[in-house]
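The values are calculated or read from the model by the stated rules, or taken from the named source; none is laboratory data. Only a predicted model underlies this, so the values are computations on that prediction, with no experimental measurement involved. Using ideal geometry, Cβ is built from the backbone for each residue, glycine included, and neighbour counts are taken over all protein chains shown.
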Amino acid sequence: MISKQEADTLCVQYMGFASAEAARFHRKNPDMISDDLEGVAIEAMVKAAPRFNPARGYDFSTFVRHRIRGDLLDFSRKERRARGDLDAETVEPSFEPDHSEKCDVAAALERMSDIPGQRGMTARYAQELLLRRACGESHRDIAASEGVQPSTILRRERRALDMARATLKATRSDISET
């Protein structure tokens, strides 16, 4: 913990940082008013500053960034709920795969061979994409079964999706030319 005077000094020193975090949030959420976001960011920094403990080895910007982002998210949710854009009762749940049956990856891979976006995709990428998207397995589970890092699975999934998009885009342009 630091003294009030030290906290005030840090707040003055990092005022631009709070403004930058608010601007970054505003770029991703242009429907929000930037002045309101900046006020929320500065208020979050002022509230968090007295709890900063330099003995823990963190930089103040690292410490306060999480508080600022959290408060900005809370503020945007409140604003959207007040405008009627976000209502807890009307928000549709995200897609959750049916885990009641074991996913038959081999059968799905056979069916997938007829899909234009699968052409050019390695069997490994296609299988991992199916396990993640159709069967609902976590990237950690897939990584553990293959003996690789979870980031490797995420990278392969991203590549597989990019390949599928590129192939589908080329297929669409071929169809539109005829």
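Results for (1) hydrophobic (A, V, I, L, M, F, W, C); (2) modelled with pLDDT of 70 or more; (3) more than 30 Å from Ala44 (Cβ to Cβ); (4) part of a loop (DSSP other than H, G, I, E, B), shown as yes or no for each residue.
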site	(1), (2), (3), (4)
Ile68	yes, yes, no, no
Cys103	yes, no, yes, yes
Glu110	no, no, yes, no
Ile153	yes, yes, yes, no
Arg159	no, yes, yes, no
Leu168	yes, no, yes, no
Task: the stretch 39-77, subset of a type in the set (D, E, K, R) and more than 20 Å from the chain's Cα centre (by Cα), residue nearest to Asn29 (Cα to Cα) - done: Glu43
